[in-house]
Amino acid sequence: MINKRLLIKNLLAQSDENSFYDKKQKISLNSKEGKAKFLKHVCALSNSNPENNSFLVIGIEDETNKIVGVDFFDDSKIQNLINSYFQNPPKIIYENVAFPKLPKYKVVGLVTIFPNNEVTSLKKSIWKYVKGLVFYRRGSNSMSTLGKYVLKSTNKNIVASIEKNASNNIQLTLDGVFQFFNKHSKEYNPKYKVFNEQFVLCWAGKRKKVGDKLFYSRVDIELINEQVRLFYSALDEVKIQINKRTFIITEYIFLQLKDIFDYYPLEKKVINFKENGKLDIVSELLFNPPQFDKVELLHLFNSCNTLLSKLKKKLSLSKIEQIELKDLPTNYLLCVLNDIPNAYKKLNELGPYLREMKDKSAYIKYKEAQRVLRKIKYQ
């Protein structure tokens, strides 16, 4: 079993990016340009490594190699993006790798591109990249051609050596458990569980009793053997179920319009530990957006816009408006879910203003609103 944190350290120890790995401070999949650049990197690494894994490490400053981290990313549809744009698409996985010195909500993204042994090319145009384009690596640079490309395998031995040196051991596992427990205070009830005598899973979450229902907030789950964060949610309503071979997480969203409110199930994620030393993660979207009175929603939308306008003009907010600000992203989310015109545009406009504030609670809710919308494909 490969310790992904150690693998990243071994990759960064290379003199520079090369034909089997690349590093980026961040990627963006919210625009055509961002998607196109991500596809270019995956295509180039795949074509330059037909017989071995290749890697894209995200959350690293380019010039200094400093580990700065990125937000937890849990879009399980990323393989669909690869499949829809590539001829001979490689299999890829995106993993969130925990590093002790990063803030709790930050990770390093690790994209692993598995060997394909076929030439990967664009099967349709995107951004400025035309159909049929083939990307490949020449040293640390990604090149392109519309002509015939011949696969060359030159990195198999060095990548095998790097992966071997990143193998997990008992010390790394124990250190990982202690680091997890030290990172979470007692109020988050850090725990560990061993599945099938092979997998060590640590998890933490603050208990929250609502009536006869038990939820957890700020849930954090790590597979210690690989130092991979399997789940992180800033939402306050998460249910946990554990049995002999599975760990089940169900996320809920609290939505309210005046005196009408409820906890709405968003997504169920089942982590299944197998006897053959492997695991799989299956996600099921459960969300059925609640429909509220359109007149009330339009009043809410107008109130949100008034508050957003004051932020844009840098006007001071009253105490009541400061309280309302914390719910502004969720209120815009409610409007988007009910098809209020321009609600999604206004939500996007809100983000930069919340990001600059000292109190990050509203910005965290903004990121969660965007994550919910990404999951249910409103983008």
Could you pull out every one of the lysines with an alpha carbon less than 19 Å from that of residue 66, ignoring same-chain neighbours closer than 8 positions?
4, 9, 23, 24, 26, 101, 104, 106
The farthest towards the positive end of the charge dipole of the chain, of the residues 266, 342, 125, given +1 on Cβ of Lys and Arg and -1 on Cβ of Asp and Glu, is 125
Using only Cα atoms, locate the centre of the range 149-167 and the centre of the range 44-71, then give the distance between them in Å, rounded to an integer.
14
What residues qualify as long-range amide H neighbours of residue 253, i.e. H under 5 Å apart, gap of 5 or more or another chain, H built at 1.01 Å from N?
264, 266
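Loop-only trypsin sites (Lys or Arg not before Pro) in the range 85-142, please: DSSP not H, G, I, E or B, and at most 16 other Cβ atoms within 10 Å.
Taking the range 85-142 and a limit of 16 other Cβ atoms within 10 Å, the loop trypsin sites (Lys or Arg not before Pro) found are 91, 101, 104, 123, 124, 128, 131.
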Name the residues whose placed amide hydrogens come within less than 5 Å of the amide hydrogen of residue 121, ignoring near sequence neighbours (fewer than 5 apart) on the same chain.
87
Say we join alpha carbon atoms closer than 10 Å with springs in a Gaussian network model of the chain; which of 333, 102, 223 then has the biggest fluctuation?
102
Please list, or write none, the lysines whose alpha carbon is within less than 18 Å of the alpha carbon of residue 319, excluding same-chain residues fewer than 8 places away.
310, 358, 360
For residue 26, net neighbour charge (Lys/Arg +1, Asp/Glu -1) across residues whose Cβ lies under 12 Å away
+1
Calculate the length of the line joining the C-alpha centroid of the range 318-369 to that of the range 297-315, in whole Å.
10
Determine ³J(HN,Hα), in whole Hz, for all residues of the range 59-67 in sequence, where each value follows from phi through the Karplus function 6.51 cos²θ - 1.76 cosθ + 1.60 and θ = phi - 60°; x replaces Gly and Pro.
x, 10, 5, 5, 7, 9, 6, 5, 7
When the helix-only estimate is applied to the chain (DSSP H runs of n ≥ 4, each -39,500 (n - 2.57), divided by the residue count), what is the mean residue ellipticity at 222 nm, nearest 500 deg cm²/dmol?
-10000 deg cm²/dmol
Of 209/239; 91/128; 269/326; 183/268, pairs whose Cα-Cα distance is over 18 Å:
91/128; 269/326; 183/268
Say we join alpha carbon atoms closer than 10 Å with springs in a Gaussian network model of the chain; which of 233, 316, 217 then has the biggest fluctuation?
316
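In the structure shown, do any of 191/244; 37/375; 208/346 have a Cα-Cα gap over 27 Å, and if so which?
Numbers: 191/244 16 Å; 37/375 22 Å; 208/346 32 Å.
From the list (191/244; 37/375; 208/346), the Cα-Cα distance tops 27 Å for 208/346.
Computed from the coordinates by the stated procedures, all read-outs in this text should not be read as laboratory data. These figures come from a predicted structure and were not determined experimentally. No Cβ is skipped: glycine too gets one built from the backbone with ideal geometry, and neighbour counts run over all protein chains shown.
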